[in-house]
1. Looking at the range 71-154, which trypsin sites (Lys or Arg not before Pro) are DSSP coil and have at most 13 other C-beta atoms within 10 Å of their C-beta?
2. Relative contact order, percent, of the range 1-94 when contacts are C-alpha pairs under 8 Å separated by at least 6 residues?
3. Report Rg (one decimal) and Dmax (nearest whole number) for the range 18-73, counting Cα atoms only, units Å.
4. The range 8-48: which trypsin sites (Lys or Arg not before Pro) are DSSP loop and have at most 12 other beta-carbon atoms within 10 angstrom?
5. Which label marks the calculated value of Cα extents along the principal axes in Å, given the options (1) 45, 36, 26; (2) 39, 32, 32; (3) 54, 31, 30?
6. How much net charge surrounds residue 12 when only other residues with a Cβ under 14 Å from its Cβ are counted (Lys, Arg +1; Asp, Glu -1)?
7. How far apart, in nm, are two points set 7 Å out from the Cα along the Cα-to-Cβ line at residue 98 and at residue 47?
8. Round to a whole number: what % of the accessible area of the chain belongs to carbon and sulfur, probe 1.4 Å?
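The values are calculated or read from the model by the stated rules, or taken from the named source; none is laboratory data. Every value quoted in this text rests on a predicted model; they were computed, and no experiment measured them. With ideal geometry, Cβ positions are generated from the backbone for all residues, glycine too; neighbour counts draw on all protein chains shown. For accessibility, only protein heavy atoms count, side chains too; no ligands or nucleic acids. Shrake-Rupley method; radii C 1.70, N 1.55, O 1.52, S 1.80 Å.
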Amino acid sequence: MFKNGSIPSFQYVCSGRDKFESHLRTRGIYDSCLSRYFLMNKQGADWTTVMTYIRLYQHLDFICNQGFEQIAQKSTWFCLQANLNTGCDQTCDNNWNNWNGNYATLCPTVQSYSSCKKTCWDQNCAGTSLGYYACEDVRIGFAQDCRGLRCYVN
């Protein structure tokens with residue numbers, strides 16, 4: 001969506017996400033649908049599947065709420081499109097995807113991933129807050145059990 005979409009398509013995705021959340025919340029199941037423990041223990045899903053699934057919804061929650069105003073700015077949007085999945089951004093993602101999934105190393109790995117994303121976007125889109133938002137997106141998506149991980153605005 002970011003690479004080939006537009007700001008109106010971004011708004012459309014966020015509207016769909018809001019409707020989906022509202023639908024699940026009125027039935028009282030949204031929180032369990034995003035609970036790692038519920039999905040692994042009650043549904044029998046494996047760690048990688050659960051983390052990928054939850055990460056998708058947490059990513060949408062973040063970009064459609066806290067990150068929305070920043071990302072929807074034209075200058076930020078165009079910089080994001082120009083640099084997505086290239087160079088350092090792809091390197092950061094590849095390093096994360098090559099992580100061995102050992103829970104004992106989760107927090108240092110998330111710290112490294114969030115720092116990599118922040119540095120990448122600070123360099124490629126200087127003058128925007130994309131570095132901070134990229135760092136926060138990773139932190140919110142993966143660091144529920146990690147203490148002390150923070151993202152800072154330059």
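1. Those satisfying the criteria are 147, 150.
2. Relative contact order here is 35 percent.
3. Rg and Dmax of the range 18-73, Cα atoms, are 13.0, 41 Å.
4. Working: sites: 17, 19, 25, 27, 36, 42; in loops: 27, 42.
Of the trypsin sites (Lys or Arg not before Pro), the ones in loops of the range 8-48 whose Cβ has at most 12 other Cβ atoms within 10 Å are 27, 42.
5. Evaluating Cα extents along the principal axes in Å on these atoms matches (1).
6. Values: positive: 17, 19; negative: 18.
Once all neighbours under 14 Å are counted, the net charge is +1.
7. In this crude spin-label approximation the distance works out to 1.9 nm.
8. Working: 4530 of 8690 Å².
Carbon plus sulfur share of accessible area: 52 percent.
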